[in-house]
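For reference, the structure is listed below as structure tokens.
What follows is calculated from the coordinates using simple rules that are stated; it is not laboratory data. What you see is a predicted model, and the numbers here were worked out from it, not measured in a lab. Note that we place each Cβ from the backbone using ideal geometry, even for glycine, and neighbour counts take in every protein chain shown.
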């Protein structure tokens, strides 16, 4: 009787291992699809990043120009106030 229980136990263990193998295979395929989609999205983001970097550069340049104009205008107002 002990032998049949051991045999049944081995069969259950083999079934569980087979189930785990099936699950791992499905997860591997799912991961491959996820990696493929991630790669596609990264390729679509690269042009957006370039455009954003360019926009930020233009914004910083315009901000610097506005700061300089504001500074010069302030100096001109101070000089006009003292009529120098």
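Quick notes on this structure:
- Secondary-structure-derived ellipticity at 222 nm for the chain, considering helices only, amounts to -37000 deg cm²/dmol, per-run term -39500 (n - 2.57) for DSSP H runs with n ≥ 4.
- Rounded to the nearest 10 degrees, the angle from helix 2-82 to the longest Cα principal axis of the chain is 0 degrees.
- Applying 1/(1 + (r/R0)^6) with R0 = 35 Å to the Cβ-Cβ distance of residue 83 and residue 61 gives a FRET efficiency near 0.50.
- Three-way shape label, the chain, alpha-carbon gyration tensor, a/c 1.5: prolate
- Set of the stretch 11-31 residues, backbone N closer than 14 Å to the point 7 Å along the Cα-Cβ line of residue 39: 31
- Global size of the stretch 37-80: 19.1, 63 Å for Rg and Dmax (C-alpha atoms, Rg to one decimal, Dmax whole).
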